[in-house]
């Protein structure tokens with residue numbers, strides 16, 4: 001696996017970067033780096049190909065966590081980690097906390113094993129009731145938290161957090177405290 005990185009404002013130019021790996025962003029083993037680099041590119045080898053990895057890039061006083069955006073699954077071809085994106089208020093979505101997916105009804109048994117190891121606990125389903133009945137997702141029996149069905153939310157959401165919250169409270173019936181906790185859990 002190759003990791004490439006570019007720094008804004010040349011913060012990492014010619015810096016000695018240590019790369020650490022772990023199967024969860026909050027469980028990265030910092031006892032020994034998997035590779036070091038000075039040229040903005042690192043070749044990582046020796047990792048289990050059946051596991052998903054997160055990487056911490058450490059340049060002394062500058063650190064960041066990253067991972068492959070796409071989670072490679074056999075059944076759902078568009079399963080992506082939305083971690084690392086910057087929010088409008090300058091925070092970042094935490095890696096490994098929020099994913100977007102298609103085709104959860106097509107998940108294979110190995111896909112379910114990987115997602116179980118990743119600790120997926122909750123699904124917020126944005127499909128209509130008809131879509132859910134026609135293609136129930138295979139992840140549902142493995143979740144540790146209750147499933148949240150948010151029917152029709154796509155038609156009402158805009159790019160503002162407040163409008164989304166208004167909809168989720170008013171139309172979908174979620175408590176404001178639940179939505180606020182969702183937001184806090186996803187941000188660094």
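No lab work stands behind these numbers, since they all come straight from the coordinates. As the structure is a computational prediction, the values presented were derived from the model and not from experiment. Methodologically, a virtual Cβ is constructed for each residue, glycine included, from the backbone with ideal geometry; neighbour enumeration extends over all protein chains shown.
Here are the numbers for this structure:
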read-out	value
Ascending count of other beta-carbon atoms within 10 Å, so fewest first, for 32, 131	32, 131
Rel. contact order, % - alpha carbon contacts under 8 angstrom, at least six apart, segment 80-123	30
Spin-label pair residue 50/residue 24, simplified geometry with 7 Å Cα→Cβ offset, distance in nm	2.0
Approximate spin-label separation residue 100-residue 131, in nm, with each point projected 7 Å along Cα-to-Cβ	1.2
Stretchable slack from residue 41 to residue 86, in nm (0.36 nm times residue separation minus alpha-carbon distance)	13.9 nm
